[in-house]
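Notes for the one structure printed next.
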Amino acid sequence: MKRKMVSVALCAAMTAGVLAGGAVTVSAEDKLVVYGIYKAGDQTWFIDEGAAAQKAVEEAGGEFVYVDAKMNPEEYLKAIDNAIANKASGIVTCIPDQTMSQAAIDKAEEAGISIVAADDALQDAEGNKLAPWVGIDAYNIGAANGEWLANYANENELVGKEDVGLLLMTMDTVSSCVPRAEGELDKFTELCPDFPEANIFKADYDGTTDKGNTAAAAVITANPQIKTWLVTGANEEGCIGAARALESAGLDADACVVGLGAYMAKDEWNNKGADGTCVKASAYFSADQVGAGSVEVLLDMIEGNEPEMETAVDAVVVTPENYKEEMGSYAE
């Protein structure tokens with residue numbers, strides 16, 4: 001499949017009107033109407049992504065309808081039906097369950113509506129993309145996290161110690177998240193070849209902070225021999241959940257958590273300072289890039305063109321020392 005890297009100029013943050021997934025009446029007869037249907041529309045990432053998508057649509061002279069599918073397959077399919085009923089010009093979407101991809105594609109194709117996947121691909125059982133996708137360069141972003149964490153471990157002489165553990169927060173049922181963890185593990189073990197394999201753990205969760213907390217707490221409790229935890233994972237919520245679990249276990253003082261997204265790590269640093277949290281770094285990539293990029297691809301499709309099937313954005317690892325400079329207004 002074709003693949004390209006894009007850098008979309010950061011858009012100003014806008015407030016997206018979050019809908020519960022119920023019917024929305026809009027007149028789409030004579031103008032561009034784009035539905036943004038996101039699996040977890042109450043999460044910061046999707047709110048920011050939706051705001052960027054909204055800005056891009058409005059700059060094109062259209063109307064944007066933001067829908068929160070609430071991680072609910074029924075709500076998601078209802079939102080697709082609503083978009084069709086209201087004669088939407090196109091849909092950008094992050095699906096809550098990728099096994100539903102074909103159903104979403106079939107609905108859109110039958111109605112003659114262009115659809116673009118954001119973050120999580122619309123794909124078949126073999127992982128082949130069924131629609132153009134815009135998201136992060138998952139493996140390389142994971143590798144950047146793994147490299148930062150490995151350097152931290154080496155600089156602090158934590159490699160080879162029996163009481164030091166690596167915890168990977170994983171989301172193995174989400175195709176866009178699997179390569180993140182793979183990149184983290186591959187790069188970490190490459191740079192820390194003497195790190196004991198028996199001290200590498202995984203905790204699978206559903207992408208939410210609460211489930212990340214529960215999954216991490218279970219691993220931490222089951223391994224009392226580990227006194228110093230190095231943690232990274234598939235998204236920011238899971239890493240923050242692990243940080244809360246470490247705090248509850250009284251192990252946060254010596255721990256190092258590296259997030260993925262930075263939209264929650266910056267709150268840690270803003271509210272607690274660099275020394276007040278075990279979150280030491282995070283891979284930052286702009287929700288604006290994915291949100292605006294997904295609309296760019298969608299508009300290309302609506303115009304009758306055939307866009308690239310994969311459009312990926314890159315990231316930079318930020319720390320308390322550089323996050324304000326790198327993140328700009330998103331650091332606030």
Amide H proximity to SER176 below 5 Å, modelled H, separation 5+ or other chain, gives ALA121
Sparse-neighbourhood loop sites, trypsin sites (Lys or Arg not before Pro) in the stretch 137-202 - DSSP loop, at most 16 other Cβ within 10 angstrom | LYS161
Tilt relative to the chain, helix 287-302 - C-alpha long axis, 0 to 90 degrees, to 10 | 30 degrees
Accessible area expressed per residue, the chain, with surrounding protein chains retained (probe 1.4 Å, Å²) = 41 Å²
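Within the stretch 148-251, which GluC sites (Glu not before Pro) sit in a loop by DSSP and count at most 14 neighbouring Cβ atoms inside 10 Å?
GLU157, GLU162
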Hey, can you rank 55-64, 78-87 by average C-beta count inside 10 Å, highest first?
-> 78-87, 55-64
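Counting other Cβ atoms within 10 Å, keep those with at most 11, restrict to DSSP loop, and tell me which GluC sites (Glu not before Pro) in the stretch 64-143 are left.
Working: sites: GLU74, GLU75, GLU109, GLU110, GLU126; in loops: GLU126.
Of the GluC sites (Glu not before Pro), the ones in loops of the stretch 64-143 whose Cβ has at most 11 other Cβ atoms within 10 Å are GLU126.
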For the pair ASP194 and ASN223, what calculated FRET efficiency results from E = 1/(1 + (r/R0)^6), where r is the Cβ-Cβ distance and R0 = 22 Å, to the nearest 0.05?
-> 0.65
Ignoring ligands, DNA and RNA, how do VAL316, VAL257 rank by accessible area with a 1.4 Å probe, largest first?
-> VAL316, VAL257
Given springs between every Cα pair under 10 Å in a Gaussian network model of the chain, which of THR232, THR189, THR170 has the largest fluctuation?
-> THR189
Would you mind telling me the share, in percent, of accessible area of the stretch 204-289 contributed by carbon and sulfur at probe 1.4 angstrom?
-> 48 percent
Relative to the first principal axis of the alpha-carbon coordinates of the chain, what is the inclination of helix 44-59, with its axis defined by its Cα atoms, in degrees from 0 to 90 and to the nearest 10?
-> 30 degrees
With only Lys, Arg, Asp and Glu charged, each at its Cβ (+1 for the first two, -1 for the last two), find how big the charge dipole of the chain is about the Cα centre; round to the nearest 20 debye.
-> 300 debye
Dipole magnitude of the stretch 234-318 about its Cα centre (Cβ charges: Lys, Arg +1; Asp, Glu -1), debye to nearest 20 | 520 debye
Amide H to amide H, which residues 5 or more places from LEU130 or on other chains are under 5 Å from it, using H placed in the peptide plane?
-> LEU122, GLN123, ASP124
Quick one: length gained pulling ASP300 to LYS272 fully straight, 0.36 nm per residue minus the C-alpha distance?
-> 5.7 nm
Rounded to the nearest 10 degrees, what's the angle between the helix 236-248 long axis and the longest principal axis of the chain, both from Cα atoms, 0 to 90?
-> 30 degrees
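The values are calculated or read from the model by the stated rules, or taken from the named source; none is laboratory data. Predicted model, so just to flag it, every value in this text is computed and none were measured. Here the Cβ is made from the backbone with ideal geometry for all residues, glycine too, and neighbour counts use every protein chain on show. These accessible areas exclude ligands, DNA and RNA; they are computed on the full protein's heavy atoms, side chains included. Shrake-Rupley method; radii C 1.70, N 1.55, O 1.52, S 1.80 Å.
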